[in-house]
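S.K.: Structure incoming, see below.
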Amino acid sequence: MADSRLTHPRMAPDSAVSDTPRVRELGTNHLEDELTAAAEAAARFLEPDEELAGVLAAEPSPGVRVYVCAYSRPDGMAWLAIDAAGAPIADRALVRDAVSIVGLCELAEENAGGGDLATLRVRLAEVREAEQPEGIEEAEQAAAELESEIAEEPRVASVTYLDAIGSAAARLERTLGELGSSPFAQAMQAGTVAVEELARNVERAYKRPLG
């Protein structure tokens, strides 16, 4: 049986997207059961000298669940996407969409609230106590709402989740008086290049032919 600690690594960048997943402990919920089953299915496709590094859940379109599986090799990483039945996915577009939504969601999480939401909330509380400027309570509420939108792992990377973070980040920026271009949107745009590169790397190191 695959180690449950391997069932939801992160591919998040610190403004870039890494090829190496980061593993975190799982909580107990229905998604954990799905990820454990997916990890067991992914383990069937291990080749000599490979280890299962992690499995990430993605929903590139409503109702379409994909599990992006990362395999570590002595010479780097290999990848495979499987469906809910544990079968390898050979559709290039679907694999690319799944990897991209995983990368974009993690990019959004990393950049929400300027990249350090906890510190921002502490700073807002300090400003309220010291200066009590107009609108500070609204800013604190917006920061709390943004933090509540960022799901604890394990979670499913989806367009809905990405949009929720983006909307909450925009609300926070408005309460902070950000005018003109959005720092969050700029960070997302800059990180898109790294997400696209990750998708290309997955395609190059995919364990099955893609069509």
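The values are calculated or read from the model by the stated rules, or taken from the named source; none is laboratory data. Treat the numbers as computed from the prediction; the structure is a model and nothing was measured. Glycine gets a Cβ as well: all are built from the backbone with ideal geometry, and neighbour counts include every protein chain shown.
S.K.: Cβ-Cβ distance below 6 Å, separation of 6 or more or different chains: which pairs start in region 71-96 with a residue that is over 13 Å from ALA42 (Cβ atoms) and among the small types (Gly, Ala, Ser) and end on one that is modelled with pLDDT under 95 and in a loop (DSSP other than H, G, I, E, B)?
M.R.: ALA90/GLY211
S.K.: Here's something else I'd like to know. Within region 122-154, can you find the residues that are among the acidic types (Asp, Glu) and either surrounded by 12 or more Cβ atoms within 10 Å (Cβ to Cβ) or over 26 Å from ALA57 (Cα atoms) (or both)?
M.R.: GLU126, GLU129, GLU131, GLU134, GLU137, GLU138, GLU140, GLU145, GLU147, GLU149, GLU153 - these are the residues of region 122-154 that are among the acidic types (Asp, Glu) and either surrounded by 12 or more Cβ atoms within 10 Å (Cβ to Cβ) or over 26 Å from ALA57 (Cα atoms) (or both).
S.K.: Follow-up. Name the helices (runs of 4 or more DSSP H) wholly inside region 60-170 in which the number of residues that are closer than 30 Å to ARG208 by Cα, within 13 Å of the chain's Cα centre (by Cα) and not assigned by TED's automatic domain parsing to the domain that holds ALA41 is 2 or more.
M.R.: Filter on region 60-170 gives 92-111.
S.K.: Among VAL95, VAL102, which is the only one that is crowded, with 20+ Cβ neighbours inside 10 Å, touching a Leu at 6+ places or on another chain (Cβ under 6 Å) and modelled with pLDDT of 95 or more?
M.R.: Exactly one residue qualifies, and that residue is VAL102.
S.K.: Taking interchain pairs and intrachain pairs at least six residues apart, which have beta carbon atoms under 6 angstrom, with the first residue in region 19-43 and under 14 Å from VAL55 (Cβ atoms) and assigned to a loop (DSSP other than H, G, I, E, B) and the second of a type in the set (Gly, Ala, Ser) and modelled with pLDDT of 50 or more?
M.R.: Pairs found: PRO21/ALA53; PRO21/GLY54; PRO21/ALA70; VAL23/GLY54.
S.K.: Follow-up question, since we're still on this one. Please pick out the residue among GLU109, GLU140, GLU178 that is acidic (Asp, Glu) and touching a residue at least 60 places away in the same chain (Cβ under 8 Å).
M.R.: From the options GLU109, GLU140, GLU178, the qualifying one is GLU109.
S.K.: State the number of residues belonging to region 155-169 that are surrounded by fewer than 16 Cβ atoms within 10 Å (Cβ to Cβ) and either under 21 Å from GLY135 (Cα atoms) or without any contact (Cβ under 8 Å) to a residue 12 or more places away in the chain (or both).
M.R.: 2
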